[in-house]
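Below is one structure, written out as structure tokens; comments come after it.
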Amino acid sequence: MPNDDPSHKTRPASPLKLAYIPGVTPGKWIGRWNERQDRELQASQRPEDAVVDDLRAGRADVVFIRVPEEGYTRPADLSVIALYEERPVVAAPKDSAVAAFDELDIADLAGENFLDLHEVGGAETGMEVVASGAGLLILPMSVAKLYSRRDVVARPLSGVPGTRIAVAWLEGSGDAGIEELVGIVRGRTANSSRQPSVQAEQKLTARQRTKERQSRSAGKTAAKSGGRPAVKGGSKGSAGGKGGTGKNKGGHKGGKPRGNR
């Protein structure tokens, strides 16, 4: 009889938690996840200096981080895969000389006052400080677009270190959902054999095929051992059978028996 005890029923997987930093737009990846997976994906934007702490504390399963284009050392407890480069820009007041250029090199800005992103309290506050005319700010283009203002311009800047966006998760995590999401972020298709969901389906299909072959084999064996078929027309030498009582092979000819001599 089926067991209706709720404790024996399969519990749905807990939501997969994704944290991303300002400047990352994960909408397309979340959309693909929802198309392919039944498991809930919870996504939230977090401050850049807090996202790795969220990962280590279990508040996030997968995070997007910003790392230097060169010289980055991966922490031993994290798995990290770089995804794409970010272009740096310089933010300046709209009425400044910077606004007259389409693109600049850092050498063009010699003598200018540059603000420290962390000292001003982050990019959003930093753009307000730039608008006041207190100085210029170097930051990724995606972040400048996120916090854009009408009284601030942003121009591509060369000659300064760039940054990369990377996806990270805890080393040794056994959650298949993490690998599934990382595969989506890296551009794997829904039918990619490297996706855990596809691998699980292939294993299930292989087991089903094995069971079908075993079932067919067992059916053939049963048919062979189910008894010998009867001989067509009866046995030789029997009445009505081949040879009958007329001329018996190896016996005497039919007719009256010979008398005693």
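The values are calculated or read from the model by the stated rules, or taken from the named source; none is laboratory data. All of these numbers come straight from a predicted model, not from anything done at the bench. All Cβ positions, glycine included, derive from the backbone under ideal geometry; neighbour counts span all protein chains shown. All accessible areas refer to the heavy atoms of the entire protein, side chains included, with ligands and DNA or RNA removed. Shrake-Rupley method; radii C 1.70, N 1.55, O 1.52, S 1.80 Å.
Inspect the stretch 135-150 for any residue being modelled with pLDDT under 95 and more than 30 Å from LEU41 (Cβ to Cβ) and give the result as yes or no. Looking through the stretch 135-150, none of the residues is modelled with pLDDT under 95 and more than 30 Å from LEU41 (Cβ to Cβ). Among the residues of the stretch 146-190, those identified as without any contact (Cβ under 8 Å) to a residue 24 or more places away in the chain, open to solvent by 60 Å² or more (accessible area, probe 1.4 Å) and assigned to a loop (DSSP other than H, G, I, E, B) are SER148, ARG149, GLY172, GLY174, THR189. Restricting to the stretch 21-75, name every residue that is among the hydroxyl-bearing types (Ser, Thr, Tyr) and either modelled with pLDDT under 95 or more than 17 Å from LEU146 (Cβ to Cβ) (or both). The answer is TYR72, THR73.
Do we find a residue being of a type outside the set (A, V, I, L, M, F, W, C) and over 22 Å from LEU181 (Cβ atoms) anywhere in the stretch 26-46? No, the stretch 26-46 contains no residue that is of a type outside the set (A, V, I, L, M, F, W, C) and over 22 Å from LEU181 (Cβ atoms).
Considered as a group, the residues in the stretch 44-59 that are touching a residue at least 40 places away in the same chain (Cβ under 8 Å) and within 19 Å of SER173 (Cβ to Cβ) include one that is surrounded by the fewest Cβ atoms within 10 Å (Cβ to Cβ), and that residue is ARG56. Got a number for residues in the stretch 124-139 being open to solvent by less than 20 Å² (accessible area, probe 1.4 Å) and touching a residue at least 40 places away in the same chain (Cβ under 8 Å)? Result for the stretch 124-139: 3.
Is there a residue being surrounded by 11 or more Cβ atoms within 10 Å (Cβ to Cβ), part of a loop (DSSP other than H, G, I, E, B) and without any contact (Cβ under 8 Å) to a residue 60 or more places away in the chain anywhere in the stretch 60-69? Yes.
Considering every residue within the stretch 73-81, establish whether at least one is open to solvent by less than 10 Å² (accessible area, probe 1.4 Å) and small (Gly, Ala, Ser). No: the stretch 73-81 contains no residue that is open to solvent by less than 10 Å² (accessible area, probe 1.4 Å) and small (Gly, Ala, Ser). Per the listing ALA43, ALA76, the residue uniquely of a type in the set (A, V, I, L, M, F, W, C), part of a strand (DSSP E or B) and under 35 Å from the mean Cα position of the chain (by Cα) is ALA43. Summed over the stretch 60-80, the residues that are closer than 13 Å to TRP169 by Cβ and of a type outside the set (A, V, I, L, M, F, W, C) give a count of 5.
For residues that are assigned to a helix (DSSP H, G or I) and out of contact with any strand residue (DSSP E or B) (no Cβ under 6 Å at 6 or more places or on another chain), scanning just the stretch 95-123, find the one that is surrounded by the most Cβ atoms within 10 Å (Cβ to Cβ). The extreme case among them is LEU109. Which ones in the stretch 82-94 are closer than 20 Å to SER158 by Cβ and either at pLDDT below 95 or open to solvent by 40 Å² or more (accessible area, probe 1.4 Å) (or both)? Across the stretch 82-94, the qualifying residues are TYR84, GLU85, ARG87.
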